[in-house]
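Read through the structure below, which is laid out as structure tokens, and then see the notes.
The values are calculated or read from the model by the stated rules, or taken from the named source; none is laboratory data. Model, not experiment: these values are computed from the prediction. Neighbour counts run over all protein chains shown; Cβ positions are idealised from the backbone, glycine included. The accessibility values were calculated without ligands, DNA or RNA, using every heavy atom of the protein model including side chains. Shrake-Rupley method; radii C 1.70, N 1.55, O 1.52, S 1.80 Å.
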Amino acid sequence: DKLPNLAVLVGGATIDENKDKALLNPYGVIPVNPDKHAGINAALAEQFAAWITSPETQAKIGAYGKDKFGQPLFYAGVPTS
């Protein structure tokens, strides 16, 4: 809102049009093996991994920012359908 004259210069007018792989910043979740590291709450780690990869949470990630910016700020890493 404070910089209305900025334009996307790489890959297109929207994030979705930008196919420049150098700009991708994927994240992932891997629960730590409790047999290899003491003090790990394996049940909670598994619960978090299941939640973050669930279709409902992935749909929320994929929709985040659309209402304010007209396009998502993040893309779901797990298919939602």
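Can you tell me which residue is nearest to LEU73 (Cα to Cα) among those in the range 1-50 that are more than 15 Å from the chain's Cα centre (by Cα) and among the polar types (S, T, N, Q)?
That would be THR14.
Would you point out the residue of the range 23-46, among those that are open to solvent by 90 Å² or more (accessible area, probe 1.4 Å) and closer than 27 Å to PHE69 by Cα, that is modelled with the highest pLDDT?
Looking at residues that are open to solvent by 90 Å² or more (accessible area, probe 1.4 Å) and closer than 27 Å to PHE69 by Cα, I get TYR27.
May I ask you to verify whether ALA49 is among the hydrophobic types (A, V, I, L, M, F, W, C), surrounded by fewer than 10 Cβ atoms within 10 Å (Cβ to Cβ) and free of Cβ contacts under 8 Å to residues at least 24 places away in the same chain?
No, not satisfied.
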